[in-house]
């Protein structure tokens with residue numbers, strides 16, 4: 001058992017560990033081109049992305065159903081999840097390579113990531129009775145920077161063997177697991193939920209404050225990952241002469257600046273409140289989508305500044321909605337609530353991405369990405385509706 005540490009030290013270790021652990025999330029896309037050549041299959045990136053997402057959704061659903069982050073030590077849950085995710089990733093390297101095994105083990109990577117991302121937020125919540133919005137701002141910001149990093153690698157024209165990618169990311173995840181498992185004890189504000197309660201999820205569904213914060217989060221998630229996924233296509237459409245490397249570099253900056261905005265938004269939330277920052281950000285990102293939809297021709301000089309502003313706003317609400325989720329339930333139910341809302345939010349991203357991909361068959365990027373404003377609009381309306389209802 002690790003010795004008790006300060007909340008600031010715990011946050012630093014959790015941020016580093018979560019960044020290292022979630023590197024597994026992006027490893028498949030980085031190795032996909034080489035896998036396509038080895039397996040003689042083209043276009044496997046969408047399927048690889050989807051199975052990790054589906055694994056994560058399945059994992060968060062089971063972790064939430066059994067209340068694993070609340071019934072057991074969250075630091076130990078993080079540790080064992082990181083170990084199992086890393087071993088699942090390494091299995092691709094050790095066993096004979098086939099398309100079936102690739103999908104199976106990437107699914108398992110996603111499944112065990114359910115014990116890393118939302119559980120990391122749960123551990124942070126157990127250390128910060130006050131200032132949780134600021135803490136989660138750094139935590140989510142690190143994940144956003146991790147999402148942006150592969151685009152920088154692509155923009156610089158760097159290429160690494162798929163074996164090196166898997167070995168490195170697995171090693172990083174193992175280190176992340178050890179950092180939390182051995183050096184971050186359970187937080188001082190943790191309250192144990194000792195028993196499995198089959199009626200917990202129905203009870204949570206009646207919590208008005210939880211429904212409000214979850215609704216805002218869902219509106220945010222409808223927009224976020226679809227915006228990221230189709231950014232290169234949007235840049236290519238708005239800047240006709242841009243090269244693939246330029247598109248990747250712009251995509252890196254637009255996503256990465258969101259990591260900074262998460263941290264800055266957390267600081268503002270500590271002064272103004274998480275609900276205000278979340279709503280301002282969600283409203284602003286929705287307006288960006290509406291502007292894209294309605295403005296007929298974007299002057300070239302405004303394209304990058306506009307997309308950078310959108311990149312700032314589209315992520316800054318994420319840690320604040322998670323903060324509101326954590327604060328809306330009793331401490332002994334925080335892990336379950338965070339994991340469940342993550343599960344539903346990421347399930348929504350799959351629907352949003354596939355629906356937008358379908359719209360892309362007959363609409364231009366400016367239109368189908370502009371329509372993303374509907375997610376934030378609905379999120380804001382539902383947030384206000386449930387918040388104004390009596391508990």
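Quick notes on this structure:
- Here the condition is being farther than 17 Å from residue 162 by Cα, at pLDDT below 95, more than 18 Å from the chain's Cα centre (by Cα) and in a loop (DSSP other than H, G, I, E, B); of 8, 4, it holds for 4 alone.
- The single residue among 341, 351 that is within 18 Å of residue 66 (Cβ to Cβ), part of a helix (DSSP H, G or I) and modelled with pLDDT of 90 or more turns out to be 341.
- Number of residues in the range 48-69 that are crowded, with 17+ Cβ neighbours inside 10 Å, farther than 20 Å from residue 173 by Cα and modelled with pLDDT under 90 equals 3.
- Meets criteria (under 26 Å from residue 123 (Cβ atoms), at pLDDT 90 or above, part of a helix (DSSP H, G or I) and touching a helix residue (DSSP H, G or I) at 6+ places or on another chain (Cβ under 6 Å)) for residue 177: yes
- Any hit, the range 70-89, residues being out of contact with any helix residue (DSSP H, G or I) (no Cβ under 7 Å at 6 or more places or on another chain) and either buried (at least 23 other Cβ atoms within 10 Å of the Cβ) or in a loop (DSSP other than H, G, I, E, B) (or both): yes
- Residues of the range 301-332 that are under 21 Å from residue 61 (Cβ atoms) and either in contact with a strand residue (DSSP E or B) (Cβ under 7 Å, 6 or more places away or on another chain) or surrounded by 24 or more Cβ atoms within 10 Å (Cβ to Cβ) (or both): 318, 321, 322, 325, 326.
- Near pairs, Cβ below 6 angstrom, 6+ apart or cross-chain, from the range 41-61 (at negative phi) to any residue that is in a loop (DSSP other than H, G, I, E, B): 56/114; 59/114; 60/114
- Helices (runs of 4 or more DSSP H) within the range 186-247 that include 1 or more residues surrounded by fewer than 14 Cβ atoms within 10 Å (Cβ to Cβ) and out of contact with any helix residue (DSSP H, G or I) (no Cβ under 8 Å at 6 or more places or on another chain): 200-204
The values are calculated or read from the model by the stated rules, or taken from the named source; none is laboratory data. Every value quoted in this text rests on a predicted model; they were computed, and no experiment measured them. Methodologically, a virtual Cβ is constructed for each residue, glycine included, from the backbone with ideal geometry; neighbour enumeration extends over all protein chains shown.
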